[in-house]
Amino acid sequence: MASRPTTQFPTVQRRLAVFGGLCLFRSLNTMVVQSYFDPDEYWQTLEPAYCHVFYQESLNDGGHNDFLNDRNIDNSNISIHEKCPGFTWEWKRWRQHRREMEDYDGTTKGDNDDNYSTIIPTPVLKFLDQSFHGPARTYLGVLPVWLYYKCLKSIMSTLTTAATTTTTATAMTTSYWWWWLVARGPMVLWAVSVAAPTDYAIWYVAHWLPTSHQENDGAAAASNSTPTILPGWCLFGSLVSWFGAFSMVRTLANGQETMLLAWSVVWVAPELWMGSTTTTTTVTAHDDWSKSRIIRASLAFFLGGLATSIRSTAIAAYVPLGLVLAVSEPTIVSQITYLLHPCALFGGLGLAAAACVDRLGFGIWTLPALGNFYFNAVENHASLYGAHPWHWNFTAALPVVTGLLLPLILWEFLAVSAGLWQSRGTRNLTIVALCYLVVLSLNAHKEFRYILPILPIGCWLAGPAVARFCTKSTSSDHNQTPKRQLRVVRLLLLIVPNVVALLYLGLFHQSGAISVNRWIVRHALQQRFDKNSNWEDDTAPLSIYYLTGSCHSTPLHSHLHAPPLQFATVTLDCSPSCRKAGDCETQRFDQDPAQYLTQLLLGKETTTTTTQQCETNVDTNDDDDKQESSCAAGVEPSQRPIDYVVTMSRYREALQPLVPHLEVAARFPFHWRGVRLGRWWTLGGEEDISSSSSLDQGYYYYSLGGSSSRIEVSLDEMIVLAPRR
């Protein structure tokens, strides 16, 4: 017979208190996340939302309407996709495909529905074509930030209008607050709308964890309080996880996928742990849950449809989830019916709801999840961004994401190995997790964040082992209370390593990518207000050249918003089209930084495509990906003075002679290259740590101590070249 829940379910007041505490905890969590993890956390959420809400006033670009009128395009969103530098190639795939299919030449040809119908005769085929070859990103994931920016803009506009007098000091403070709210505010939004709800789901679902195997385990029975506080230990596993703290508060779609999957488990938890046929007879105190079984499952798979629209990989978790739930049905007919309703039906409704949001954003009916699947799986273009062996998710990603929970999960499996597959919930969660890992292993390109949805499952599986580890008795006398000192030591063994990893990766590693824009905003505000008393009338944009040797190496305009300042940015291109050709701007710059910058300053590029972009800012070639060019919106490079250059320390010697009016004004650590202790031990390789090569390559070099016992550290830094004072 299935086991009862571990505890009585908490009252509403307790639930609200727990959720409020989690919101506070995750909001404070954002203070130790000041580094750059992945471009998608900015370029696929903040930047697109910024383009829609702040684009016109920030870029001072009044010509985008003329661009539309010249082409008889009525949808203003298309102009934003074409012109705003915050949109990457993922948002522009449909226009590239239209040009390929219709020989698009910049005229009204291709915008005529009659001409288009000769290529795709039916609305269904048109929708599929727009989906498979259309955008690879959905506006559903951007929607929370877009709503936040709209509310923020309205509030700030009201406050600005109400202000009667403004001093320079007040204006600087207001501008910096603008920057913080636009750049850092979304992370706090994610903390309370993504990270905290995920933690709450972990805590709430843990109340359904069975206790049958614990009753047969002497260690667990040593403390009668272990079952009653098991939800707290599952939550503890989530809160101390360095990877959860490092990634869940970031504006990544993977966090949204994780949250939606966790809440789907919330709605179907009784069936996962006890099955559909035992709920009514076993948990008499929760008859309401039993009566609403289909309604809850419908909501769970509706969330699954939303999750799949945000991250197409989510289907790898929801298909096995639906199967294990359907298997618990008593007959084959009811199992098939369950797969159709609620699984398929409400999953499809979730996708349809996301498609409606994308219809408003893109102006066409499309399902970006299909475009993402087609690009990554069918065309296998994801491998252009790196490839890993098939076992990488199991041998590298899983240990990193679960961290110290992994050995506890294995311990739990060994402790209950005899009845492992008799525990319905453990079996079901394991099946879902393994299926998810296996499916994601089929693609060559893999990243740690891709398996973030495994973390809540890991917390549920490791919860009993965490409880035993932290409350286990120290003697054979099971009635003896565990020694307090030993319990503290065990807690510290779980907490300290995670905190150390979080502090290093959250505050130091790649922190320069975030610090540079904040420094530029402060420096520009100070310079503008110091030299110009009429600062409100000074709207000339300041130019920033991001020449770091990689694309999307920093956030863009979402981290430069500080009215009345305006910025025009130059970034390097590394879109799939140039990666396939092996001739990206990032590669040309890395090979010869001086030559690349020289060509850029002269308004000459090494390829015809880029020259056309410099002259027109609209690529007339077939590769729409090439629109992410070095030429910022509408101004010739030769006509634009360089106000700031953001680059890496290894490129400084090559670039600085070409911009003599700039000097190294700030430098920020990006990552360490190597460490050497005296003459005996080196970490990082001799070519990285030796003083001669480190200085020759431009890496920042620290030396402490004497010649024989000194500690040498080599750092790669992100530096800012700013006007000389």
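Are any residues in segment 149-190 part of a helix (DSSP H, G or I) and at pLDDT below 75, and if so, which ones? T160, T161, A162, T168, A169, T170, A171, listed by residue number. S575: open to solvent by 30 Å² or more (accessible area, probe 1.4 Å) and among the polar types (S, T, N, Q), yes or no? No.
I'd like the residue in segment 301-318 that is in contact with an Asp or Glu (Cβ under 7 Å, 6 or more places away or on another chain) and in a helix (DSSP H, G or I) and, out of all such residues, is farthest from L140 (Cα to Cα). Give the steps one after another, and end with the answer.
Within segment 301-318, the first condition is being in contact with an Asp or Glu (Cβ under 7 Å, 6 or more places away or on another chain), and the residues that meet it are 307, 310-311, 314.
With in a helix (DSSP H, G or I) added as a condition, the list becomes 307, 310, 314.
Details: A307: 9, I310: 7, A314: 15 Å.
Once the filter is applied, the top-ranked residue is A314.
Answer with yes or no whether A354 is under 18 Å from R93 (Cβ atoms), open to solvent by less than 20 Å² (accessible area, probe 1.4 Å) and not hydroxyl-bearing (S, T, Y).
Values: under 18 Å from R93 (Cβ atoms): yes; open to solvent by less than 20 Å² (accessible area, probe 1.4 Å): yes; not hydroxyl-bearing (S, T, Y): yes.
It is true that A354 is under 18 Å from R93 (Cβ atoms), open to solvent by less than 20 Å² (accessible area, probe 1.4 Å) and not hydroxyl-bearing (S, T, Y).
When I295 is tested against (1) crowded, with 19+ Cβ neighbours inside 10 Å; (2) β-branched (V, I, T); (3) modelled with pLDDT under 95, exactly one condition is not met: (1).
Of all residue pairs spaced 6 or more apart or on separate chains, those with beta-carbon atoms under 8 Å, a first member in segment 510-528 that is closer than 20 Å to M648 by Cβ and in contact (Cβ under 8 Å) with a residue 12 or more places away in the chain and a second member that is part of a helix (DSSP H, G or I) and open to solvent by less than 20 Å² (accessible area, probe 1.4 Å) are I514/H559; N517/A183; N517/H559; R518/W179; R518/A183; R518/H559. For A253, the requirement of being modelled with pLDDT of 95 or more, open to solvent by less than 10 Å² (accessible area, probe 1.4 Å) and small (G, A, S) is not met.
Quick grid of which residues meet (1) within 26 Å of the chain's Cα centre (by Cα); (2) under 17 Å from S309 (Cβ atoms):
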{"position": "P330", "(1), (2)": "no, no"}
{"position": "L345", "(1), (2)": "no, yes"}
{"position": "L351", "(1), (2)": "yes, yes"}
{"position": "A354", "(1), (2)": "yes, yes"}
{"position": "D358", "(1), (2)": "yes, yes"}
{"position": "F362", "(1), (2)": "yes, yes"}
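Just one of the listed residues (P555, P564) is modelled with pLDDT of 85 or more, under 21 Å from Y55 (Cα atoms) and either open to solvent by less than 10 Å² (accessible area, probe 1.4 Å) or not in a helix (DSSP H, G or I) (or both), and it is P555. Scanning segment 121-148 for residues that are of a type in the set (S, T, Y) and under 26 Å from S575 (Cβ atoms) yields S131, T138, Y139. How do the pairs read when you match residues in segment 14-43 that are within 20 Å of L235 (Cβ to Cβ) with residues anywhere that are in a helix (DSSP H, G or I) and charged (D, E, K, R), using Cβ under 7 Å and keeping only pairs 6 or more apart or on different chains? Filtered contacts from segment 14-43: L22/D199. Of the residues contained in segment 58-78, none is found to be touching a helix residue (DSSP H, G or I) at 6+ places or on another chain (Cβ under 6 Å) and at pLDDT 50 or above.
Residue count for segment 426-473 satisfying the condition of being basic (K, R) and modelled with pLDDT of 90 or more: 2.
When S238, S225 are checked against the criterion of being exposed (fewer than 15 other Cβ atoms within 10 Å of the Cβ), in contact with a Ser or Thr (Cβ under 8 Å, 6 or more places away or on another chain) and either in a loop (DSSP other than H, G, I, E, B) or modelled with pLDDT of 85 or more (or both), S225 stands alone in meeting it. Among residues that are at pLDDT 95 or above, within 17 Å of E41 (Cβ to Cβ), assigned to a loop (DSSP other than H, G, I, E, B) and polar (S, T, N, Q), T198 is not included.
Restricting to segment 458-469, name every residue that is aliphatic (A, V, I, L, M) and open to solvent by 10 Å² or more (accessible area, probe 1.4 Å). Reasoning before the result, please.
Filtering segment 458-469 down to residues aliphatic (A, V, I, L, M) leaves 461-462, 465-467.
L461 - this is the single residue of segment 458-469 that is aliphatic (A, V, I, L, M) and open to solvent by 10 Å² or more (accessible area, probe 1.4 Å).
Look at segment 184-197: where a residue is in contact (Cβ under 8 Å) with a residue 24 or more places away in the chain and open to solvent by less than 10 Å² (accessible area, probe 1.4 Å), no partner that is acidic (D, E) and not in a helix (DSSP H, G or I) sits 6+ places away or on another chain with Cβ atoms under 9 Å.
Test L420 against the criterion of being open to solvent by less than 50 Å² (accessible area, probe 1.4 Å) and at pLDDT 90 or above, and give yes or no. Walk me through how you get there before you give the answer.
On the way: open to solvent by less than 50 Å² (accessible area, probe 1.4 Å): yes; at pLDDT 90 or above: no.
Considered against the rule, which asks whether it is open to solvent by less than 50 Å² (accessible area, probe 1.4 Å) and at pLDDT 90 or above, L420 comes out as no.
In summary, helices (runs of 4 or more DSSP H) completely within segment 363-417 and bearing 2 or more residues that are open to solvent by 50 Å² or more (accessible area, probe 1.4 Å) and hydrophobic (A, V, I, L, M, F, W, C) occur at 405-415.
The values are calculated or read from the model by the stated rules, or taken from the named source; none is laboratory data. What you see is a predicted model, and the numbers here were worked out from it, not measured in a lab. Glycine also receives a Cβ, built like all others from the backbone with ideal geometry; neighbour counts cover every protein chain displayed. Please note that ligands, DNA and RNA were not included when accessible areas were found on the heavy atoms of the full protein model with its side chains. Shrake-Rupley method; radii C 1.70, N 1.55, O 1.52, S 1.80 Å.
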